[in-house]
């Protein structure tokens with residue numbers, strides 16, 4: 001269980017695979033385990049570095065100071081500690097916001113950046129959604145109710161057509177031993193609430209965006225205008241958690257992009 005002690009936190013991370021370094025930055029309420037569908041597809045091509053962001057997984061303490069700047073600085077420090085920069089970076093959702101901040105504030109750490117269901121965009125609606133989900137979780141509702149309220153925002157409609165899959169996903173989330181606590185969830189939402197987007201022209205490395213056709217959290221018509229000259233690819237049949245709905249497509253786009261940008 002690798003732990004990197006720095007800046008008054010003990011950051012848990014996973015590392016595996018063989019090839020150039022690829023830093024995977026998880027999104028809201030997610031940690032290193034959230035990349036499970038992509039790991040076997042990417043390990044033959046990259047050395048995967050999967051940190052637990054502050055407030056998530058096995059990184060402690062859960063209540064350390066938190067912001068997108070803190071998340072990005074942690075990523076830069078971890079790459080420096082491992083002596084594995086510059087690295088390719090894949091960030092999902094909030095992880096994409098962190099990846100953009102990392103590329104802006106620590107350009108020497110990032111070789112390429114792939115935004116997965118992410119764009120330089122802050123939606124008040126999404127902040128309000130997460131605060132509402134937290135309120136449900138804090139209420140006397142059954143423990144899985146807030147998850148059932150969350151899943152339609154994350155996954156493509158096809159998940160609901162597969163008998164038992166939604167219940168199975170909820171059960172797996174509740175059984176996960178390192179799930180984010182309610183207190184840590186509130187702490188992370190505060191970081192999202194304080195986020196101010198970076199501009200695409202402030203990022204000097206090659207960037208691509210992978211957008212999901214059925215994304216409710218980041219609709220295409222809102223995401224695309226914010227990307228400027230960043231090349232975007234729409235993945236059919238995928239919701240916001242596109243690396244769960246369509247891992248093969250995500251892995252294929254990532255491999256092709258990083259190969260094209262090799263120097």
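Every read-out reported here was derived from the displayed coordinates using simple, explicitly stated rules and does not represent laboratory data. Treat the numbers as computed from the prediction; the structure is a model and nothing was measured. Backbone-built Cβ (ideal geometry, glycine too); neighbour counts: all protein chains shown.
Observations
- Nitroxide proxy distance, nm - points 7 Å out along Cα→Cβ at residue 236 and residue 16: 3.1 nm
- GNM result for the chain, Cα springs below 10 Å: residue of 26, 167, 105 fluctuating most strongly: 167
- Ranked for footprinting exposure by Cβ neighbours inside 10 Å, fewest first, 25, 136 give 136, 25.
- Sorted fewest first by neighbouring Cβ atoms within 10 angstrom, 104, 75, 205 come out as 104, 205, 75.
- Placing pseudo-labels 7 Å out from each Cα toward the beta carbon at residue 201 and residue 123 gives an inter-label distance of 2.6 nm.
- Ordered by the count of other Cβ atoms within 10 Å of each Cβ, fewest first, 256, 58 give 256, 58.
- The simple Förster model, with R0 at 41 Å and r as the Cβ-Cβ distance, assigns residue 1 and residue 229 a FRET efficiency of 0.50.
- In nm, spacing of pseudo-spin labels at residue 216 and residue 193 (7 Å Cα→C-beta vector): 2.3 nm
- Pairwise centroid distance, computed over Cα atoms, of the stretch 56-129 with the stretch 168-227, Å: 10 Å
- The chain: calculated mean residue ellipticity at 222 nm from DSSP helix runs of at least 4, using -39500 (n - 2.57): -11500 deg cm²/dmol
- In terms of its alpha-carbon gyration tensor, the stretch 158-253 comes out oblate; a/c meets the 1.5 threshold, while b/c is at least as large as a/b.
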